[in-house]
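The values are calculated or read from the model by the stated rules, or taken from the named source; none is laboratory data. Bear in mind that the values here come from a model prediction, so they are computed numbers and not experimental data. For neighbour counting, all protein chains shown are included, and Cβ atoms are generated from backbone atoms with ideal geometry for every residue, glycine included. Just the protein is used for accessible areas: all its heavy atoms, side chains included, with ligands, DNA and RNA removed. Shrake-Rupley method; radii C 1.70, N 1.55, O 1.52, S 1.80 Å.
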Amino acid sequence: MEMAATPRAEGPPEDTIRTIGCAHYKRKSKFVTPCCNKVYTCRFCHDDVEDHTVNRKEVTELICTLCETRQPVQAECQKCGIRFGKYTCLECNLFDDVDKNQYHCSGCGICRIGGSDRFFHCERCNMCLPIQLQNGHKCVENVSRANCPVCIEDIHTSRIPCHIPVCGHLLHRTCFEQLLKAGHYACPICQTSLMDMTDLWTYLDNEVAHTPMPREYDHYIAEILCKDCHKECTIKFHVVGLKCAHCGSYNTCRVKGRANPVPPGNIERPRPSGNSEGNSNGESDSSSQLPSSNNT
């Protein structure tokens, strides 16, 4: 979706103005920070060198980088007329000359990138989610108002896209990829499988079938809780894994003490892994990318 063109601000043509800004933003203004009365291009530049952080919404003054005029926060310079950023949000005090499909979400209270046509604000989750999930996501109240369970960094204002697993708990996309690389496939918060595990469950089925238990343990049972469908069951004990009789998941844990021998007729038979209900939802590329914040 193309962004509508806005009238050019009064002042010299854009192509005659050199690129101005910092490593984080290209803009034609600098902030006067209210906390230490110093001048920085953006809050990230300030936070990188100071021993405290700046609250962007408390900034009341800025300096035009073209004419050096100090003035109240506004969209255009009161002296030379230049627009401080092609994208301007006076609620967040954000100015940016680079088109990132920025938009301000009043529900989140910050600016985000990615395009307002691609996301919607869920009132219960209290954050922006991909439009594909508008009628089909699991709501977790104020889900983004917590830290990433992996890196313990803030989720709501993070500039890193987030992944949305089936359980609805959020974690940074990069942290999600690191978990998979390290061989961890369960949500750090609720332990539900993070992705479709059908292939692994099928592999474990094959391992169980080709790894007979010693005769003296052949009729031992175990009482387990499935972390995917959240049901308890009594199943035949096997050293390779304990398979849920309801959904076929191996993402289970013992709920009572030692395994005990019982007659074979008292054992629940697990359903085939290919029909798993609790872990075959898969992951959608569209649902794994939340709009990152673009606040300054």
Scanning the stretch 168-182 for residues that are among the aliphatic types (A, V, I, L, M) and under 17 Å from Leu133 (Cβ atoms), which turns out surrounded by the fewest Cβ atoms within 10 Å (Cβ to Cβ)? Leu171
Does the stretch 169-189 contain any residue that is in contact with a Lys or Arg (Cβ under 8 Å, 6 or more places away or on another chain), touching a residue at least 24 places away in the same chain (Cβ under 8 Å) and either part of a loop (DSSP other than H, G, I, E, B) or closer than 19 Å to Ile110 by Cβ (or both)? no
Just name the residue that is farthest from Ile113 (Cα to Cα) out of those in the stretch 147-162 that are at pLDDT below 90 and in contact with a Leu (Cβ under 8 Å, 6 or more places away or on another chain). Ile155
Could you check, for the stretch 112-122, whether at least one of its residues is open to solvent by 30 Å² or more (accessible area, probe 1.4 Å), basic (Lys, Arg) and at pLDDT 90 or above? yes
Find the residue count for the stretch 38-69, including only residues that are open to solvent by less than 30 Å² (accessible area, probe 1.4 Å), under 18 Å from Asp96 (Cα atoms) and more than 25 Å from the chain's Cα centre (by Cα). 7
Would you confirm, using the coordinates I've provided, whether Ile131 is open to solvent by 20 Å² or more (accessible area, probe 1.4 Å), closer than 30 Å to Thr65 by Cα and touching a helix residue (DSSP H, G or I) at 6+ places or on another chain (Cβ under 8 Å)? no
Those residues of the stretch 144-167 which are free of Cβ contacts under 8 Å to residues at least 60 places away in the same chain and open to solvent by 20 Å² or more (accessible area, probe 1.4 Å), in sequence order: Arg145, Ala146, Asn147, Pro149, Val150, Cys151, Ile152, Glu153, Asp154
Looking at (1) within 17 Å of the chain's Cα centre (by Cα); (2) closer than 29 Å to Tyr87 by Cβ; (3) at pLDDT 90 or above; (4) charged (D, E, K, R), which one does Glu177 not meet, given that it meets all the others? (2)
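One line per residue, one yes/no per condition, for (1) in a strand (DSSP E or B); (2) open to solvent by 40 Å² or more (accessible area, probe 1.4 Å):
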position	(1), (2)
Met195	no, yes
Asp199	no, yes
Leu204	no, no
Glu207	no, yes
Met213	no, no
Glu216	no, yes
Ala222	yes, no
His230	no, yes
Ile235	yes, no
